[in-house]
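The values are calculated or read from the model by the stated rules, or taken from the named source; none is laboratory data. Computed from a predicted model, the values in this text were never measured in an experiment. Heads up, the Cβs are rebuilt from the backbone with ideal geometry, glycines too, and the neighbour counts pull from every protein chain shown.
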Amino acid sequence: MTTPLRVLIHGASGRMGQALLRLAAENEHLAVVAAVTRRSPAARVVDGVAYFAAGELAGVPAFDVAIDFSLPEGFDPILALCVERNAALVSGTTGLSEAQRSALQAASEGIAVVWASNFSLGVAVLAELVERAAAALQGWDCDIVESHHVHKQDAPSGTALTLGQGAELGGATPRYASLRAGDIVGEHLVQFTGLGERVELTHRATNRDIFVRGALHAAQRLVARKPGLYRVRDLLD
């Protein structure tokens, strides 16, 4: 039997962190060796997983890949630890500064790294389709409409902006519209409109676990890669 991949979960007390712990426990190819929380943990071991406070990061056991869904102020220490331990990093922490993005790029010269605003595998495929459509439909209008729950504050969403970057790479100039309503997990529509015809590319998320499964998928494939800064779409196969 193949030795399970040793995973460190950084930001374990958050919603994504809790979901990562739950779904990783169901995967026989993964072994969570440490869970790191912002504050001191109430218990040192939970369901066989060792817990550490953020200030104790240097004392975590050996790991192959860290999965980080924390806050910008916690990003620098986990990035530095991955560089020090020569471990891969999967990060979905948003709100990074330009300096932190530069540090991520520099770290990718020595370790394998993937950062994404959305780890849905479907969205990764959508981004590729958007770029291809934009390149093929030169001169068409491009509109991106994103819908989320009423508690989401940023607009356009990070995913919409990522899709917009794909459109720009294909030569389009995207326009954005945002809707905040009810408990919508996340919907993204990319519309290309020409004279007498329209192409619509849509992704709808109905369960937040898709983002967790995508991050775990990325982690399993990233560890075998050479140092570099990867996209989720680079790790689909």
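Only residues that are loosely packed, with under 12 Cβ neighbours inside 10 Å, without any contact (Cβ under 8 Å) to a residue 12 or more places away in the chain and either touching a Pro at 6+ places or on another chain (Cβ under 9 Å) or assigned to a strand (DSSP E or B) (or both) were counted across the stretch 26-67, and they come to 1.
Note on the stretch 203-231: residues that are within 19 Å of Val32 (Cβ to Cβ) and of a type in the set (S, T, N, Q) amount to 1. Scanning the stretch 198-237 for residues that are farther than 15 Å from Thr159 by Cβ and touching a Gly at 6+ places or on another chain (Cβ under 7 Å) yields one hit, Pro227.
Out of Arg225, Arg221, one residue alone is in the same structural domain as Glu109 (by TED's automatic domain parsing), assigned to a loop (DSSP other than H, G, I, E, B), in contact with a helix residue (DSSP H, G or I) (Cβ under 9 Å, 6 or more places away or on another chain) and under 30 Å from Ala87 (Cβ atoms). It is Arg225.
State all residues of the stretch 60-96 that are charged (D, E, K, R) and over 13 Å from the mean Cα position of the chain (by Cα); if no residue qualifies, say none. Step through it out loud before you land on a result.
Step one: list which residues in the stretch 60-96 are charged (D, E, K, R), which gives 64, 68, 73, 76, 84-85.
Within the stretch 60-96, Asp64, Glu73, Asp76, Glu84, Arg85 meet the criteria.
If only residues of the stretch 186-222 that are over 19 Å from Thr173 (Cβ atoms) and of a type in the set (S, T, N, Q) are counted, the one that is modelled with the lowest pLDDT is Asn207. Look at (1) over 21 Å from the mean Cα position of the chain (by Cα); (2) under 24 Å from Leu104 (Cβ atoms) and you find that Gln191 fails only one, number (2).
Asp76 falls short on exactly one of the conditions (1) surrounded by fewer than 17 Cβ atoms within 10 Å (Cβ to Cβ); (2) in contact with a helix residue (DSSP H, G or I) (Cβ under 8 Å, 6 or more places away or on another chain); (3) assigned to a loop (DSSP other than H, G, I, E, B), and that condition is (3).
Hey, among the residues in the stretch 212-229 that are aliphatic (A, V, I, L, M) and over 14 Å from Ile111 (Cα atoms), which one's nearest to the chain's Cα centre (by Cα)?
Within the stretch 212-229, the first condition is being aliphatic (A, V, I, L, M), and the residues that meet it are 212, 215-216, 218-219, 222-224, 229.
Going one step further and asking which of them are over 14 Å from Ile111 (Cα atoms), we end up with 212, 215-216, 218.
Details: Val212: 9, Ala215: 6, Leu216: 10, Ala218: 9 Å.
Per the criteria, the residue is Ala215.
For first residues located in the stretch 212-233 and on the phi > 0 side of the Ramachandran plot, partners that are of a type in the set (A, V, I, L, M) and lie 6+ apart or on another chain with Cβ distances below 7 Å form the pairs Gly228/Ala112.
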